[in-house]
Amino acid sequence: MRRSDRPRCWPAYAVAGLFLGYAAGKAVFAAQDRLGFPGGPPVPASEAASYFMDAATAQWLAAASGVAGAGVVLLTVLPLGRRVPGRLMLLVLAGMAAAVVGGGIIMAVDGFIGIGVGWQWHHGLLGIAVIVLFLETIRSYAASTGRHRFVGGQAGP
């Protein structure tokens, strides 16, 4: 199989779309001063009082993190992203991977086994899909920039 210097862009575009969908959902809930995510499990009103900040502020910050995440993921396939030092980009992607994989695992385990959060089986499938797409985005970035030796590949000629 022939390797290309050109990255596979579609996983990054799909993840960016998911991050923007997350941000849009959080913005809707921020405007309503509610916690949770549209289509996800409901958050009881009593739980909102236990947070350190009001629901709207928390949701606006989450929306901003979704937009920032989409921007970082798009940098993996855009020429502008090639100017970012590779180790820095991989470090940022590794930090994002911890959050994405953690959230995806929670969605999947709760969706299929049930741990009390309230996700359903279709949320579990989405969690698994997000994990796979994000890891493929990292792999594609590393392979296309010659940085695959940092993510488990071999340095070669």
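The values are calculated or read from the model by the stated rules, or taken from the named source; none is laboratory data. Only a predicted model underlies this, so the values are computations on that prediction, with no experimental measurement involved. Note: ideal-geometry Cβ built from the backbone for every residue, glycine included; neighbour counts use all protein chains shown. For the accessible areas, the whole protein counts, side chains as well, though only heavy atoms, and no ligand, DNA or RNA atoms are used. Shrake-Rupley method; radii C 1.70, N 1.55, O 1.52, S 1.80 Å.
The table that follows gives values for the structure above.
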{"quantity": "Single residue of region 30-69 satisfying the filter (hydrophobic (A, V, I, L, M, F, W, C), at pLDDT below 75 and open to solvent by less than 80 Å² (accessible area, probe 1.4 Å)) that is farthest from the chain's Cα centre (by Cα)", "calculated": "A48"}
{"quantity": "Matching residues, region 75-97, being open to solvent by 70 Å² or more (accessible area, probe 1.4 Å) and assigned to a helix (DSSP H, G or I)", "calculated": "P79, L80, R82, R83, R87, L88, L91"}
{"quantity": "Close pairs from region 127-144: first farther than 14 Å from A16 by Cβ, partner buried (at least 20 other Cβ atoms within 10 Å of the Cβ) and of a type in the set (G, A, S), Cβ under 7 Å, at least 6 apart", "calculated": "G127/G104; G127/A108; G127/G111; I128/G104; I128/A108; I131/G104"}
{"quantity": "Unmet requirement for K26, which otherwise passes all of (1) in a helix (DSSP H, G or I); (2) at pLDDT below 85; (3) crowded, with 19+ Cβ neighbours inside 10 Å; (4) not small (G, A, S)", "calculated": "(2)"}
{"quantity": "All positions within region 98-115 that are within 11 Å of the chain's Cα centre (by Cα) and either surrounded by fewer than 14 Cβ atoms within 10 Å (Cβ to Cβ) or not in a helix (DSSP H, G or I) (or both)", "calculated": "A98, A99, G102"}
